[in-house]
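**Student:** I have a structure here, written as structure tokens, and I will follow up with some questions on it.
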Amino acid sequence: MMKHLYCTAGAGMEELLAEEVQHKLCATQVEQISGRVFFCSNADLHTVTQLKSAERLFLLLRKAEPISLPNNPAKAAAVIKQSVVGDPDIWKQTLLTWTALQEELQGSQQRGHKRRREEEEEDEEESLTVADESTHTLTSSTHLLKRQNETNKESREQTPSFRVSCRCSGVIARSYTSQRLGRIIGMAIKEHLGWKVDLKEPVLEVNVYLSNDHCVVGIPLLKHPLASRSYMKHNGLRSTIAWAMTSLCPKQLNDCVILDPMCGVGAVLLEAAQEYSNAVFLGMDTDTSQLQKAAENLKACGMEGRVQLLCSSAMEIPLADGAVDAVLCDIPFGRKFSCSSDMPTALPRLLREMERVIRVGGHLVLLLSLQLSAQLKKTICTHKHNQHLNSSDTNNVHTDPSNTHNESTDTPKTITFHKPSSETSNTPLLISSLQAQRTHRVSLGSTDAFIHIYTKIQTQAHSH
Ligand SMILES: C[S@@+](CC[C@H](N)C(=O)[O-])C[C@H]1O[C@@H](n2cnc3c(N)ncnc32)[C@H](O)[C@@H]1O
């Protein structure tokens, strides 16, 4: 069935989501706006729910021109009735599609439960127990089906209970709060379509987004956000960002060795391990309680055999030079994670160590705060200054003329830094082997961060 859908996405994730729906769902009519990606797809709903970069999934009901509302509530209600609610037939049709998709989803969930139970049953020895379990499965499935049918009956009868959840911004938000608009829209739907308002346990949630540029109405297809991964027992880095770090890596990472030297509870490793079933993963952290949680997360999603965990410092990675194909690392900042060293000071040494263990041709993907990203740039400026003073250094500098993806033109082309003062001698220690591929700004909610992607290239130092 061809469906008009849209997903919400965190700031900076829209482009990745648009690519993901095209790549994984063969979606058409893909259109991205700030915080949302619209698309058409006939992929089955279970496949759609496997999207990794999206926050929430909606069935599109209406995408119209932005509206402007008069201050007079009665006149505003009339505009809303015409511009936000519009044609009742479209709502009826969308409701039928929504109901059919709920049934499809429930069917695939039941098949999933049944498969899992069958796998469990294979382990049981007593045939009598197996028979009991099958009866139980059958009974609970029948019970579930009955309950679902009751819920779907209401929506099939075209009089579902609903509530409106509204978000508005821009000019509209100066005259109306989202709550007040939600009430007006709710009244209009009730009068126009005969649906029943239920603020506590509605069958449907009608989601409305009004801004200076958009008027979007949709119905969520799932109760839970796609972004809240059921397989994470302990939450770490936002799963969508962890996935973005993997997907921004310029090369497929199957058959590769991948290291996260500051893995925390393992969010990055888990997302990468789901994406690359043939890769080998190693996670390191100095905090044993984080490693314990990482181990529990891996166990909860059956990945414990695929990821090795090690208590060790990223400042001294116990691996040989060139031992890994990629390093993915969410470098700590802010107060959430303790860090024995001052990160801006430690950053050069950390980078040096990560660069050392990556093989030539391998990749480094870093999530850095804006402050640490600036530190990276400052270091590079320092090098440019030195380069100017000492022309013999120039053959150590590599730039990437094909780098068309960088967000800003002043994005670093090469990581270069000096040996930290705690290390021996004051001779500059330059890393000239990390070539910038791309820099991507993302939102972590309360703050923004950059994902930096580098590829390790051959330099004179390596060829010796
Ligand atoms: C930003 S958190 C990583 C969060 C991780 N991506 C997750 O999803 O949980 C950074 C981690 O670095 C660890 N850490 C701090 N200093 C370290 C060091 N020198 N070597 C290794 N790990 C370190 C902290 O214990 C913390 O777990």
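Readers should treat all values here as calculations from the given coordinates under stated rules, not as data from a laboratory. Everything numeric in this text was worked out from a predicted model, so none of it was measured. Please note: Cβ atoms are built from the backbone with ideal geometry, for glycine as well, and neighbour counts cover all protein chains shown.
**Student:** Within 10 Å of each candidate Cβ there may be at most 11 other Cβ atoms; applying that plus a DSSP loop requirement, which chymotrypsin sites (Phe, Trp or Tyr not before Pro) in region 204-265 survive?
**Tutor:** On the way: sites: Tyr209, Tyr231, Trp243; in loops: Tyr231.
For chymotrypsin sites (Phe, Trp or Tyr not before Pro) across region 204-265 that sit outside H, G, I, E and B with at most 11 neighbouring Cβ atoms in 10 Å, the list is empty.
**Student:** In which sequence would Met343, Met1, Met262 go, from the one with the fewest C-beta neighbours within 10 Å to the one with the most?
**Tutor:** Numbers: Met343 18, Met1 11, Met262 23.
Going from sparsest to densest Cβ surroundings: Met1, Met343, Met262.
**Student:** Quick one: Cα convex hull volume of region 177-243, Å³ per residue? All intermediate terms of the calculation are to be shown ahead of the outcome.
**Tutor:** Numbers: hull volume 10.6 nm³, N = 67.
In region 177-243, the Cα hull volume divided by residue count equals 159 Å³.
**Student:** Further question on the same structure: With a 10 Å radius around each residue's Cβ, average the other Cβ atoms per peptide and rank 166-179, 363-376, highest first. It would help to have the intermediate numbers written out before the result.
**Tutor:** Working: 166-179: 15.9, 363-376: 20.7.
Packing order, densest peptide first, comes out as 363-376, 166-179.
**Student:** Could you work out how far apart the two model spin labels at Ser446 and Arg183 are, taking each label as a point 7 Å from the Cα in the direction of the beta carbon, and quote it in nm?
**Tutor:** 3.2
**Student:** Moving on to the next point. Give the separation of the Cα centroids, region 224-259 to region 267-321, in Å.
**Tutor:** 12
**Student:** Can you compute the modelled spin-label distance between Thr345 and Ser68, with each label point 7 Å from Cα toward Cβ, in nm?
**Tutor:** 5.7
**Student:** With the crude spin-label approximation of a point 7 Å out along Cα→Cβ, what separation in nm comes out for Ala11 versus Gln460?
**Tutor:** 4.4
**Student:** Sticking with this structure for a sec: If r is the Cβ-Cβ distance from Ala100 to Gln22 and R0 is 22 Å, what FRET efficiency results, to the nearest 0.05? All intermediate terms of the calculation are to be shown ahead of the outcome.
**Tutor:** Numbers: r = 24 Å, r/R0 = 1.11.
Efficiency at R0 = 22 Å is approximately 0.35.
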